[in-house]
Amino acid sequence: MAILTINADQPQHTINRNLYGQFAEHLGRCIYEGLYVGENSQIPNRNGMRTDVVEALKQMKIPVLRWPGGCFADTYHWKDGIGPKESRKKMINVHWGGMVEDNSFGTHEFFELCRQLGCEPYINGNVGSGTVQEMQEWIEYMTFDGVSPMAKLREENGRKEPWKVKYFGVGNENWGCGGFMRPQYYADLYRRFSTYCLNYGDNKLYKIACGPNRGDYEWTRVLMREAAPFMDGLTLHYYSYNKKNRSATQFGEAEWAEMLKDAAGIEEEIVRHTAIMDEYDPQNRIGLLVDEWGAWHDEEPGTVRGFLYQRNTMRDAVLAGLSLNIFNRHSRRVQMANIAQLVNVLQAPILTDGAKMVRTPTYYVIEMYAVHQDAKLLDAAVQTPDYTFGEITLPKVSVSSSLAEDGAVNLTLCNLSPNESESVTCELRGKAVQEAAGRVLTAHAMNAGNDFEAGETVKPMSLPVTLNEDVLSFTLPAKSVAVVTVR
Ligand code: AHR
């Protein structure tokens, strides 16, 4: 039995809605086919964006979308992606399969996608192979409302009004694909580039410095020491892996347990990076942005190498729920998180195959957890049995909870055991409870997922919740992710 106690009358800070952010890179079939098919496609689209995918994504309530990379960002020259499509430059996507990138999806198309999705854009600029001038001009092109060469160019390309851009990343993984730099060197470059990331009119940028890869505390320390006053956010990338058998679908309990243990490790990472940030930024002004996270399995056999196409199962769903609970609980410092990636790449909520589309188990987790966006974090005391497999031991039940603006208390929970259900009681202190309802996502097997042939067999069902005064009781099935809403 797991026992939870929640002080519903002691709300804490707001959980930034951007913890439920997404990431779309020019990689494999994420942008092309997954999101954008062009106006002349047989696949139904609005201004080139697939209608089925956009409609599904709207229900997931994406707050912010990061683009154009990833590693691609530090090879991207934005001027190649504007103007008449027939004259846009074709280039090689050097990191991802060496395919031809025809630049038919560029700045204007990205803003159109964000408009359709109703989300904020997060643009990642190029430090690795770009110039300060190129970055400055991109920001001017997007946001300047006045007489200037870039504002004129934008108007010539059919857009008079500037767009609003808040989130702007100055480089990506500059310790790796973005230039293999050392932290001191990147910190200096960050200071230089970010100086010319200007605020035009009332557009105010939230400037984001490239942060560490998992485990690199030195990078965080140097960046905070040398460049903290110049940044609003610092990123962290954390992917979860299996060491030996890395198949997305053909795995047993050993790989289930190993993968969840690796994912749970992000909590220690966040705590340690936060401690360093607290030293240099005690006011908690700078956000820690986990702008790439998720499960990284082997590519699906028979697919193009470098496209990072993987199937998605109940294991990925539990991994997502576990990670999002951790982000919620550490949302004082963690201000954004972007699962990688939106469609057809890594731990994607949506997969497509030509005109077919399917929502993955991960999609449903993000959709169920959307209740936490902009809600106030509630502290939950959790007594849970362990889930043990071999030498791996993890808390069996993972929880986070929040208070929504309309007074509802929402709990999201995962049962990490693939074999055993768990009864949960939850005492809600300081709230007169009138009704409670739940939804749960589970499946008959650890590796069950949704596919194009059989359709969506893994999707949320109703979870019976009983109420006894202010105590709720329910049972989490084995390998499940749930949301319980109390009014
Ligand atoms: O998400 C795939 C890649 O992973 C990104 O391009 C890069 O930033 C990271 O290494």
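The values are calculated or read from the model by the stated rules, or taken from the named source; none is laboratory data. A quick note: this is a predicted structure, and the numbers were derived from the prediction, not measured. Cβ coordinates were reconstructed from backbone atoms using ideal geometry, including for glycine residues, and neighbour counts include every protein chain displayed.
Filtered by the rule that a residue be within 16 Å of the ligand (Cβ to nearest atom) and assigned to a loop (DSSP other than H, G, I, E, B), the range 332-353 gives Q341, L342, N344, V345, L346, Q347, A348, P349. For the range 63-98, the tally of residues that are within 16 Å of the ligand (Cβ to nearest atom) and part of a loop (DSSP other than H, G, I, E, B) stands at 10.
Out of all the residues in the range 307-314, is one or more touching a helix residue (DSSP H, G or I) at 6+ places or on another chain (Cβ under 9 Å) and among the basic types (K, R)? No - not one qualifying residue is present in the range 307-314. Against the list (1) of a type outside the set (S, T, N, Q); (2) assigned to a strand (DSSP E or B); (3) more than 23 Å from I366 (Cβ to Cβ), the condition G38 fails is (2). Considering the range 377-487, the qualifying strands (runs of 3 or more DSSP E), each wholly inside and each with 2 or more residues that are under 20 Å from M314 (Cβ atoms), run over 386-389, 392-395, 397-403, 409-415, 422-429, 436-441, 461-463, 471-476, 480-486.
Quick check on the range 430-437. Is at least one of its residues among the polar types (S, T, N, Q), on the phi < 0 side of the Ramachandran plot and in contact with a Lys or Arg (Cβ under 7 Å, 6 or more places away or on another chain)? Yes, because at least one residue in the range 430-437 is among the polar types (S, T, N, Q), on the phi < 0 side of the Ramachandran plot and in contact with a Lys or Arg (Cβ under 7 Å, 6 or more places away or on another chain).
When L260, L288 are checked against the criterion of being over 20 Å from L394 (Cβ atoms) and under 19 Å from the mean Cα position of the chain (by Cα), L288 stands alone in meeting it. If you go through the range 172-222 and keep only what is outside any loop (DSSP other than H, G, I, E, B) and either under 23 Å from the mean Cα position of the chain (by Cα) or at pLDDT below 95 (or both), you end up with Y206, K207, I208, A209, N213, Y217, W219, T220. Residue selection: V127 fails the criterion of being in a loop (DSSP other than H, G, I, E, B), under 26 Å from the mean Cα position of the chain (by Cα), crowded, with 20+ Cβ neighbours inside 10 Å and away from the ligand (no atom under 16 Å from the Cβ). Residues in the range 48-59 include none that are within 16 Å of the ligand (Cβ to nearest atom) and in a helix (DSSP H, G or I). Going residue by residue through the range 412-430, is there one that turns out to be farther than 18 Å from M368 by Cβ, of a type outside the set (S, T, Y) and under 27 Å from the mean Cα position of the chain (by Cα)? So far as the range 412-430 goes, yes, one or more of its residues are farther than 18 Å from M368 by Cβ, of a type outside the set (S, T, Y) and under 27 Å from the mean Cα position of the chain (by Cα).
So that you can scan it fast, the table gives a plain yes or no per residue for (1) crowded, with 19+ Cβ neighbours inside 10 Å; (2) free of Cβ contacts under 8 Å to residues at least 40 places away in the same chain:
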position	(1), (2)
D386	no, yes
V397	yes, no
E427	no, no
E456	no, no
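Is it the case that some residue within the range 301-314 is within 30 Å of V100 (Cβ to Cβ), in a strand (DSSP E or B) and away from the ligand (no atom under 15 Å from the Cβ)? There is no residue in the range 301-314 that is within 30 Å of V100 (Cβ to Cβ), in a strand (DSSP E or B) and away from the ligand (no atom under 15 Å from the Cβ). Residue count for the range 231-288 satisfying the condition of being within 16 Å of the ligand (Cβ to nearest atom), in contact with an Asp or Glu (Cβ under 9 Å, 6 or more places away or on another chain) and farther than 30 Å from R192 by Cβ: 4. In the range 239-254, the residues that are within 19 Å of Y387 (Cβ to Cβ) and in contact (Cβ under 8 Å) with a residue 60 or more places away in the chain reach residues that are part of a strand (DSSP E or B) and away from the ligand (no atom under 16 Å from the Cβ) with C-beta atoms within less than 8 angstrom, at least six apart or across chains, in these pairs: E253/F389; A254/F389.
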